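To start, the structure itself, in structure tokens.
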Amino acid sequence: MLNKYDKIDMHIHSTASDGTFEPKNILEEIKFKNIKLFSLTDHDSYENVEKLKELVLEEDTHFIPGVEVSSLYKGELFHILAYGTNNSNKNFTNILMNNRRQLEEKDDNSIKYLIDKGYNIEYKDYESYIHNPQRGGWKALNFLIDNKMCEDVSDYFSRVFAGNVDMKSPVFENTVNVVDAIKGAGGIPVLAHPYYINIDVDADKRLGMLYELGIEGVECYHPNHSKERTEQCITWCKKNDIIITAGSDCHGNFIPSRKIGMMNVSVEQANLKNLIQYLQEP
Ligand SMILES: [Zn+2]
Ligand SMILES: [Zn+2]
């Protein structure tokens, strides 16, 4: 049984997306940090969920399966955390598949863009390049690093792809369809990091809009949120009586500052409501 002082971390990435940890590394950290409830939420992939589910069976911690689904609403990117979905649901898995294809295309287009800009790259070298997921990140990034055209992820965004890059953006599924598909697959849609970038829109407006689209919870605690933003999100969720979660958004050594359990939030500080139904008992 979970008790109210138990610590949670509901947002973690593995090698199935852009994190460096394998399921067993995640579990080691979870035990080391004494986290009693956690979720794996790779970008548009549940490839490692079953593996982790099995590993957790022997341990004194609870696990809820998850996926972080990319979505677009009125041109803006929203990440929706899907908890407890039935991953044999066709509609839901098709969305994930299409999103992954969009991510791969974005990678390919990035390299084509640099070739057009005069970078000395042979596209076929990129095509045959094999990305090692244990390094974290994505294929285009690691290809450029290995070819000494980019230092690291911050150089990738701040220099190589700085400013207005004239490139086709990925066409992720509409947020409305994502939310509906998660519910259709028996899961719960929770809005991830509403203030990943601290835009100047108040919580009423920002969370209200997503609430109308059907989200059932908000990741109020996230490393990118200021204390004020976190408080605003919590107040809003309490007023509307919806789920409150906390996540480190850990990517292993790919983003070293984000450590598993770093939000230090207990069951009591969050409000898990009907997420509890998916708990895998130890
Ligand atoms: Zn995200
Ligand atoms: Zn994430």
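Data overview
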| item | result |
| --- | --- |
| Residue match in region 220-229 (condition: out of contact with any Pro (no Cβ under 6 Å at 6 or more places or on another chain), of a type in the set (D, E, K, R) and either surrounded by fewer than 17 Cβ atoms within 10 Å (Cβ to Cβ) or over 24 Å from Ser39 (Cα atoms) (or both)) | yes |
| Close pairs (7 angstrom Cβ cut-off, 6 or more residues apart or separate chains): closer than 13 Å to Thr15 by Cβ and within 15 Å of ligand 2 (Cβ to nearest atom) in region 35-51, part of a loop (DSSP other than H, G, I, E, B) and of a type in the set (Phe, Trp, Tyr) anywhere | none |
| Every pair of residues 6+ apart whose Cβ atoms lie under 9 Å, when the first sits in region 222-250 and is under 17 Å from Glu212 (Cα atoms) while the second is within 13 Å of ligand 2 (Cβ to nearest atom) and among the aliphatic types (A, V, I, L, M) | Ile242/Val190; Ile243/Val190 |
| Verdict on Leu2 being part of a loop (DSSP other than H, G, I, E, B), more than 16 Å from ligand 2 (Cβ to nearest atom) and among the hydrophobic types (A, V, I, L, M, F, W, C) | yes |
| Qualifying residue in region 266-282 (condition: closer than 10 Å to Asp9 by Cβ, of a type in the set (Lys, Arg) and modelled with pLDDT of 95 or more) | no |
| Candidate set: region 232-259, residues that are within 16 Å of ligand 1 (Cβ to nearest atom) and over 25 Å from Arg206 (Cα atoms); chosen: the one surrounded by the fewest Cβ atoms within 10 Å (Cβ to Cβ) | Ser257 |
| Sole exception among (1) more than 16 Å from the chain's Cα centre (by Cα); (2) more than 15 Å from ligand 1 (Cβ to nearest atom); (3) at pLDDT 95 or above; (4) surrounded by fewer than 22 Cβ atoms within 10 Å (Cβ to Cβ) for Glu59, by number | (3) |
| Selection status of Phe157, outside any loop (DSSP other than H, G, I, E, B) and of a type in the set (A, V, I, L, M, F, W, C) | yes |
| Candidates Pro170, Pro194, Pro189 - the one that is in contact (Cβ under 8 Å) with a residue 12 or more places away in the chain, part of a strand (DSSP E or B) and in contact with a helix residue (DSSP H, G or I) (Cβ under 7 Å, 6 or more places away or on another chain) | Pro189 |
| Where Phe92 falls short, out of the listed (1) over 29 Å from Lys168 (Cβ atoms); (2) at pLDDT 95 or above; (3) not basic (Lys, Arg) | (1) |
| Residue list for region 216-235, filter: in a strand (DSSP E or B) and in contact with a Gly (Cβ under 9 Å, 6 or more places away or on another chain) | Glu219, Tyr221 |
| Unique residue being more than 16 Å from ligand 2 (Cβ to nearest atom), farther than 23 Å from Val69 by Cβ and modelled with pLDDT of 95 or more when the list is Asp166, Asp180, Asp200, Asp155 | Asp155 |
| Options Ser248, Ser257: the member that is under 30 Å from Asn89 (Cα atoms), assigned to a loop (DSSP other than H, G, I, E, B) and among the polar types (S, T, N, Q) | Ser248 |
| Asp108, sole failed condition from (1) in contact with a Leu (Cβ under 9 Å, 6 or more places away or on another chain); (2) within 26 Å of Leu141 (Cβ to Cβ) | (1) |
| Considering residues of region 1-49 that are under 21 Å from Ile80 (Cβ atoms) and among the charged types (D, E, K, R) only, the residue farthest from ligand 1 (Cβ to nearest atom) | Glu47 |
| Selection from region 134-151 of residues that are surrounded by 12 or more Cβ atoms within 10 Å (Cβ to Cβ) and either in contact with a Leu (Cβ under 7 Å, 6 or more places away or on another chain) or not in a helix (DSSP H, G or I) (or both) | Gly136, Gly137, Trp138, Asn147, Met149, Cys150, Glu151 |
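The values are calculated or read from the model by the stated rules, or taken from the named source; none is laboratory data. Not measured: the values here are computed from a predicted model. Ideal geometry is used to build each Cβ from the backbone, glycine not excepted, and the neighbour counts take in all protein chains shown.
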